[in-house]
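Notes follow the structure.
The values are calculated or read from the model by the stated rules, or taken from the named source; none is laboratory data. Remember, predicted model here, so these are calculated numbers, not experimental data. So basically every Cβ, Gly included, is an ideal-geometry build from the backbone, and we count neighbours across all protein chains shown.
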Amino acid sequence: MSVDSYRDQEPGRPDVLAEHPHISIAHGSGGRLMHQLIDNVFAPLFKNPDFESQHDGALLEIAGAKLAFTTDSYVVNPLFFPGGDIGTLAVCGTVNDLAMCGARPLYLCASFIIEEGFPTDSLWRIALSMRQAAMKAGVHIVSGDTKVVDRGCGDGVYITTSGVGLVNQGLEISPRAVKPGDAIIINGDIGRHGIAVMSQREGLSFETRIESDCAPLGAPVMQLLEKGIDIHCLRDLTRGGLATTLVEIAESSCLHIGIDDRKVPIRDEVLGACEMLGLDPMYVANEGRFVAFVPAREAEQTVAILGDCSPDLTPVIIGEVSDGERGVVTMKSIIDAERIVDMLSGEQLPRIC
């Protein structure tokens, strides 16, 4: 891409900045305010075809190869939680964004912003977790950077990871490829990551220990591709959870998504914790879950492949795509009533990734 794409007339200052003159936590939490921030501040200033793909990463053609490139920052609080820590998140999150593009993850780089006074033993534990997660995901961490900020200015440690992966030529996995009649499949139960972080943060304990679902997703996606599944779209269910992800895809594809509440897998302990805390599990973040949009004729085979990849999980068909009310997600309840599912303005649980 040449710099010519930046030579259009400079965009004017958006009116929305007057409505929200200061950034709030909600602007970084995956809901409507975050999308508004991206659409009004970054998108017009960084405008180019690759930026506008609305994918988990950019798809780039370089010297005859098709690459996926992505980056993400991790500010989770607390840094250590049941089932993982910020280092595991930093590797898995970026690997998973590459996988959602249909890419085989290859290389990562990592940047650390460390607060003065942070225990070096804790930093060692985080780096060790990153090494172990990278080995499990089959990627190499090949570059990085460290910065130290004054005491009180960094909240321990923040990590940014960027990654690159290889995509097969001719493969298009994106919301634009979603078609009416597609089945929607989830690879396992939802809500565990957000509740695990929240319980650790607030010092809560439950009868059954709830651990994060944090895991790399490259292997199951590669299995689907190698078995010849015609994947139309993939998306991991991080900030904003399942509900926000489905709304994003419905709006991007201009199609209707219908799901059945009774088919969405939620563990009893997560459901109980959400009821106690007043949370909707549909909006709780995950770090090892994704939805796949595939032709209905391949839905059962997709479920079988995902089940073989992760025997401890139960993949489920939770809904389908139609050409009904465009850009809308509806959910059928246990009494067969339908309601519209929308994004929250912010996030129920901030600082969970």
Determine the pairs where a residue that is closer than 12 Å to Phe112 by Cα, located within the range 64-75, has a partner that is assigned to a loop (DSSP other than H, G, I, E, B) and modelled with pLDDT of 95 or more with Cβ atoms under 6 Å apart, the partner being 6 or more residues away or on another chain. none
The range 52-81 - residue that is farther than 27 Å from Asn168 by Cα and either aromatic (Phe, Trp, Tyr) or not assigned by TED's automatic domain parsing to the domain that holds Gly102 (or both) and, of those, surrounded by the fewest Cβ atoms within 10 Å (Cβ to Cβ): Phe80
Selection within the range 17-33 - closer than 23 Å to Val284 by Cα and free of Cβ contacts under 8 Å to residues at least 40 places away in the same chain: Ile23
Considering only the range 172-198, how many residues are in contact with a helix residue (DSSP H, G or I) (Cβ under 6 Å, 6 or more places away or on another chain) and within 21 Å of Met222 (Cα to Cα)? 5
Does the range 83-98 contain at least one residue that is loosely packed, with under 15 Cβ neighbours inside 10 Å, touching a helix residue (DSSP H, G or I) at 6+ places or on another chain (Cβ under 8 Å) and not assigned by TED's automatic domain parsing to the domain that holds Ala292? no
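Condition first: at pLDDT 95 or above, under 23 Å from Asn168 (Cβ atoms) and in contact with a His (Cβ under 6 Å, 6 or more places away or on another chain). Can you find one or more residues in the range 106-114 that meet it?
There is at least one residue in the range 106-114 that is at pLDDT 95 or above, under 23 Å from Asn168 (Cβ atoms) and in contact with a His (Cβ under 6 Å, 6 or more places away or on another chain).
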Give the residue that is nearest to Arg339 (Cα to Cα), with candidates limited to residues of the range 222-255 that are at pLDDT 95 or above and basic (Lys, Arg). Arg235
